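The structure appears right after this line, and notes come after that.
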């Protein structure tokens, strides 16, 4: 039976989980793959901390470069994270002819194009299932299961921290700061939660999904990103009264010419399956011509869910090695010479429905003034409501629009914000409702 030797670089949460699965489930992996997965090295600068692993002598080493240099190592698993040493180690492993597995979405989103080119040039596999959606097999689904489909759109809840916070605000009416503090106390959010709550983490994943789905080069820089820190219990309450929930969505769409790629808080109808994905769970819906709409749902982070995805990549590569080949499935789902640059549509050109909330002074003519400015920019209103809860002399005015262009909305809100009868920066939340549902009065 063929033996495949594995080196894990980094023994933090994910690295420990991968080692645990390889050790504890070695028998079922052998039966399913048809070869022996041998954990030859776990490389980490901290070789002292007890991680609960029963490693043979010589497996835990402090020198990642030595593990990469060993000619007997077949697969290098990078779980270091970050964009510095991890990038260096991955490129070194590829240069030495090693196959690479990584969960490093930030690295791939920002530097994936040259890394993929290096893997292709050296004839090695680069696998990254765990970089998007944790244990959800979205990479494999797009690259393999949907190979016969033209994908038109993907919409996902791709950050468990944000989903937990929004679920907490929705269920308990607490504000953003209180929900974030609880997420941090439970270990769902980092001490510095910026990457999560400001949408960067979800955007890293969206950059990879867009490239996979549409055959484009990875383009993180042109993704529109907006976080959830301004969402209030009031907005969530209004959304519910209109029949919507608010989620941080990663959205990508392709019309054959340009790609939409955006991450922002979004109002979606109650009957949209994504609206019922709560807590730290992730989900992604895919729209394609042959299958219609499908949904994947599961844990997007955590030691063992992420480790499960990493091990699935190891298994795929091991099967290739057992069959005497590599590169059976292209890294980005398309043959390398068919991947092309596709323009990401500027956010100003996006057309969708909108929710506005203005804190307006309770004076005659205010509603007419605001509506007049919106009309000047061709923004048609579906619904207007002035809620009678006065705060410091102002009341919330809520409006839902028909389809409008983002650039027009931006200009109109800037003009409205400058009015002396508007007390604070207007709130804008985009609405995704492909069924064009009608809103009942509240």
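Here are the numbers:
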{"read-out": "Value of D in µm² per second that Stokes-Einstein yields for the range 347-431, Kirkwood Rh from Cα pairs, at 10 °C (1.306 mPa s)", "value": "125 µm²/s"}
{"read-out": "Over the range 53-109: Rg over Rh, Cα atoms, Kirkwood Rh", "value": "0.98"}
{"read-out": "Full-stretch length increase - residue 121, residue 147 - with 0.36 nm per residue and alpha-carbon distance subtracted", "value": "7.0 nm"}
{"read-out": "Full-extension gain in nm, residue 290 to residue 27, via 0.36 nm per residue minus C-alpha separation", "value": "90.9 nm"}
{"read-out": "Inter-label distance for residue 61 and residue 88, nm, one decimal - labels placed 7 Å from Cα along Cα-to-Cβ", "value": "1.8 nm"}
{"read-out": "Cβ crowding within 10 Å averaged over residues, with 267-274, 46-53, 355-362 ranked highest first", "value": "355-362, 267-274, 46-53"}
{"read-out": "Whole-Å semi-axes of the range 297-381's equivalent ellipsoid (Cα gyration tensor)", "value": "54, 22, 7"}
{"read-out": "Calculated diffusion of the range 1-130, Stokes-Einstein form, Kirkwood radius summed over Cα pairs, 25 °C and 0.890 mPa s, µm²/s", "value": "165 µm²/s"}
{"read-out": "Inter-label distance for residue 424 and residue 221, nm, one decimal - labels placed 7 Å from Cα along Cα-to-Cβ", "value": "3.6 nm"}
{"read-out": "Highest average packing first - 195-205, 74-84, 156-166, Cβ atoms within 10 Å", "value": "156-166, 195-205, 74-84"}
{"read-out": "Radius, Kirkwood style, for the chain when every pair of distinct Cα atoms is counted (Å)", "value": "23.4 Å"}
{"read-out": "Ranked by how many other beta carbons lie within 10 Å on average, peptides 313-320, 59-66, 126-133, 296-303 from highest", "value": "126-133, 313-320, 296-303, 59-66"}
{"read-out": "Segment residue 38-residue 232, extension gain: residue separation times 0.36 nm, minus the distance between their alpha carbons", "value": "64.8 nm"}
{"read-out": "Degrees, to the nearest 10: 105-122 long Cα axis against longest axis of the chain", "value": "40 degrees"}
{"read-out": "Cα-derived Rg to Rh of the range 142-299, Kirkwood definition", "value": "0.98"}
{"read-out": "Separation of alpha-carbon centers, the range 106-154 and the range 267-281, rounded to whole Å", "value": "26 Å"}
{"read-out": "Ratio of Rg to Rh over the range 237-317 (Cα coordinates, Kirkwood Rh, two decimals)", "value": "1.04"}
{"read-out": "For the range 176-243, projected area of the alpha-carbon convex hull averaged over all directions, nm²", "value": "6.4 nm²"}
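Quick note: the coordinates plus some simple rules give every number you see, no bench work behind them. Just so it is clear, the structure is predicted and the values come from calculations on it, not from any experiment. So basically every Cβ, Gly included, is an ideal-geometry build from the backbone, and we count neighbours across all protein chains shown.
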